[in-house]
1. Which of the residues spanning segment B:144-173 are away from chain A (no Cβ under 14 Å), assigned to a loop (DSSP other than H, G, I, E, B) and surrounded by fewer than 23 Cβ atoms within 10 Å (Cβ to Cβ)?
2. Name the residues in segment A:221-247 that are within 17 Å of B:Thr201 (Cα to Cα) and surrounded by fewer than 18 Cβ atoms within 10 Å (Cβ to Cβ), would you?
3. Checking the structure you have, find out if any residue of segment A:138-150 is of a type in the set (Asp, Glu) and open to solvent by less than 90 Å² (accessible area, probe 1.4 Å).
4. Go through segment B:174-208 residue by residue and tally those that are open to solvent by 30 Å² or more (accessible area, probe 1.4 Å), aliphatic (A, V, I, L, M) and touching an Asp or Glu at 6+ places or on another chain (Cβ under 8 Å).
5. Taking only segment A:209-243 into account, find how many residues are more than 14 Å from every other protein chain (Cβ to nearest Cβ) and either assigned to a helix (DSSP H, G or I) or touching a His at 6+ places or on another chain (Cβ under 6 Å) (or both).
6. Select from segment A:167-208 the residues that are within 12 Å of another protein chain (Cβ to nearest Cβ) and farther than 19 Å from A:Ser142 by Cα and write down the one among them that is surrounded by the fewest Cβ atoms within 10 Å (Cβ to Cβ).
7. Among strands (runs of 3 or more DSSP E) lying entirely in segment B:64-138, which contain 3 or more residues that are under 18 Å from B:Tyr23 (Cβ atoms) and away from every other protein chain (no Cβ under 14 Å)?
8. From B:Val40, B:Val87, grab the single residue that is without any contact (Cβ under 8 Å) to a residue 12 or more places away in the chain and surrounded by 14 or more Cβ atoms within 10 Å (Cβ to Cβ).
Amino acid sequence: MEKEKLESLIIDFIDGKLLEDERKIVEQELMRNPAAYKLYEELKEVMQAMHTASRLEPSANLKLQFDKMLAEEMQQQKPAKTIFFQPVFYRVAAAVLLLVLGGGVGFWISRQQQQAEELRAMKEEMEKTKQMMMGMLDNQESASQRLMGANVAYKTIVKADDEIVNALVNTMNEDPNTNVRMAALEALSKFHSQPHVRKALIASLRTQKDPLVQIALIHLMIDMKEKGITEELKRITTDDEALPAVKDEAHVGLLKLS
Amino acid sequence: MRRIMTTITLMTLSIGFMQAQEYKVAKSSGRLEIREVNHVVVEGYSGNEIVFTSRSGKRDDDERAKGLRSVSANGLEDNTNLGLSVVDKGNVIEVQQLKRMDGPEITIKVPKGVTVSYSHTSPHGDEIEFKNVEGEIEVSTMHNGVQLTNVTGPLTIKTVHGDIEGTLNASVKAPISIVSVHGHVDIALPTTVKASVKLGTVYGEIFVDPEFKMDLERTENNMVKFSSDTVTGKINGGGLDINLSSTHNNVYLRKK
């Protein structure tokens, strides 16, 4: 008899589900075949175990332990709840922080913009002053306006750009009015540390015909300790056109500078 | 009685004729440029024409010259009968005298809005005088002094050898720049004027009336700023730019 068929037959036999003739066949087989009997024995044991297992009740101890475990688990879940709350707090904090940060950044940007605005306003103001000054220096009608222009340059302009310097140099060398020339020279003397201003001042000494400006220029050069003008001073001391007072200053300059 | 009346009338008339030696230009603005005129007094007044009058009287009259026109080597024409050439160039009126030396004594009355520019280089002539002028004055002389009486400015005055003396009006206008090389600069100013003054000399001295409360210019560290030859300070808190300087002589700032 095939093993599988026998097995199922034996299982049915154990369960008592077989018909009369089938039960007889199985009994005969069990009597005759020790291997079948052994299989019957094993199967019976397994099936009995299965039966007892299906009826297995959890022990009181097990239940107690389980309850305990459950309680513990529930206990552990309480702190878990607070853990759940904390991220909310953090989120609020983060939101507030973000708001403050955003506000701060916004404020900073606006301040930056304000500063830029102020800077631009200042620049505009400077540009205006400059234009006003240039306009005044250019006023051919009134010497006092030109004088005021030079005074504005002297008082308000901190660092002169080329345009301003050129306008002032032009005024110093070409203006028909001595007082205006002197004022332009004074304004330029404020910027004498700028190399091109220095150069323009030295160059002016060569062409300047106005005795007052000549004297003022020589004085300025002495103050600046400009040694490069000694040749020019020598020329002035022998210049027939130069006023005695200018020659005197040139001599003083030569004494002080060399 | 009647005879006396007629004589008086005649006398006044003749005086009137003598004073009628005048020339007028209808201008109440612009520039009056006086060049190389030796004897000039400029007076401010509230009219609207520039009036030239001669103070020389009949002295210069020449019977022989009657009906002739005076011309000069420098191409000028006596269009005023005062020995003066007055040329109206629109915004600028140029005044020159025909004679190279000496020349007529001229009084010029100028309205308020006229800028007066006076330039003079020859060694001839007198001080130039300005009285009650309420406009801008520009003076540049080589030898002649400058006398200012009750003027308002703005003033730009320069002379090489001349002295500059003057009194400024209470309604003084900036800028005031008065410089001389060899002459002294002596200016009287009302004590109430708010001014930023700069007084300079190289070889002279500077004198200021003690009634002027002068705050000397200070550095950032609140130290008085000294320079070799200039005193810079503020009167009554500062304001109008006033610059007085003489290279070889003294500078005086006195109260009016």
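1. Once the filter is applied, which keeps residues that are away from chain A (no Cβ under 14 Å), assigned to a loop (DSSP other than H, G, I, E, B) and surrounded by fewer than 23 Cβ atoms within 10 Å (Cβ to Cβ), segment B:144-173 yields B:Gly145, B:Asp163, B:Asn169, B:Ala170, B:Ser171.
2. Result: A:Asp223, single match.
3. Taking every residue of segment A:138-150 in turn, at least one turns out to be of a type in the set (Asp, Glu) and open to solvent by less than 90 Å² (accessible area, probe 1.4 Å).
4. 1
5. Qualifying residue count, segment A:209-243: 11.
6. A:Ser189
7. B:84-89, B:92-97, B:105-110
8. Going through B:Val40, B:Val87 in turn, the sole match is B:Val87.
The values are calculated or read from the model by the stated rules, or taken from the named source; none is laboratory data. Predicted model, so just to flag it, every value in this text is computed and none were measured. Ideal geometry is used to build each Cβ from the backbone, glycine not excepted, and the neighbour counts take in all protein chains shown. Keep in mind that these areas ignore ligands, DNA and RNA; they rest on the heavy atoms of the full protein, side chains included. Shrake-Rupley method; radii C 1.70, N 1.55, O 1.52, S 1.80 Å.
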